[in-house]
Ligand SMILES: [Mg+2]
């Protein structure tokens, strides 16, 4: 399963949501599908996408918040899962693309997958950890159809959810992102001030 195909499958449903991605490959791939003002690409802050998402979810309880994360980042801030579960916002969906490697910081280089693996490569189960942390819904998916069904169901649902998607360790075609971090920092909160918060 490819991360880009997963993003394509849920992209139309992200309209009106607050979307926070972690840095690197997943941000570049979401951007490549078409930037929207309601997308925030959290650069240079590994592990903290879910923390930003939690703040938004608590501040705007009627808006759906979709956090798009990676295994390396989540493993860097496992406490983020327990904090999410403790607050348990029913409007937040945490999507974790688990490619079992730190792709964006070396794992994507030739042979890098051998040296930049994460603990999920040796058995750590992020969906299991999320469930044990207290997420009412946490599941792992390996097929595109299952990913689409589970994620759309979670976004349309009404409980804190974690979807862990096992994906190939594949670099994006390009890391080009022609939206400046500072511009994104201001356009994103402006987009969240618009009507349409109920989603
Ligand atoms: Mg990874």
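Can you classify the chain as rounded, prolate or oblate using the Cα gyration tensor, where a ≥ b ≥ c are the square roots of its eigenvalues, rounded means a/c under 1.5, and otherwise it's prolate if a/b beats b/c and oblate if not? Each step should come with its number before you reach the end.
On the way: a/c = 1.55, a/b = 1.17, b/c = 1.33.
It comes out oblate by the Cα gyration axes.
Residue order for 125, 98, fewest other beta carbons within 10 angstrom first, comes to 125, 98.
Note on residue 190 and residue 114: with the Förster distance fixed at 41 Å, the Cβ-Cβ geometry gives a FRET efficiency of about 0.40. Going by neighbour counts of Cβ atoms within 10 Å, the residues 13, 86 line up, fewest first, as 86, 13.
With neighbour counts taken as other beta-carbon atoms within 10 Å, the residues 46, 177 rank, fewest first, as 177, 46.
Going by the alpha-carbon gyration tensor, a ≥ b ≥ c the square roots of its eigenvalues, is segment 142-199 rounded (a/c under 1.5) or, if a/c is not under 1.5, prolate (a/b greater than b/c) versus oblate? Spell out each step's value before the answer.
On the way: a/c = 3.25, a/b = 1.17, b/c = 2.78.
Oblate.
Dividing the summed helix terms, -39500 (n - 2.57) for each DSSP H run of n ≥ 4, by the number of residues in the chain produces a 222 nm estimate of -11000 deg cm²/dmol to the nearest 500. Using R0 = 22 Å, the C-beta based FRET efficiency linking residue 88 and residue 35 works out to 0.10.
Readers should treat all values here as calculations from the given coordinates under stated rules, not as data from a laboratory. None of the values given here were measured: they were computed from a predicted structure. In this analysis, Cβ positions are derived from the backbone assuming ideal geometry, glycine residues included, and neighbour counts consider all displayed protein chains.
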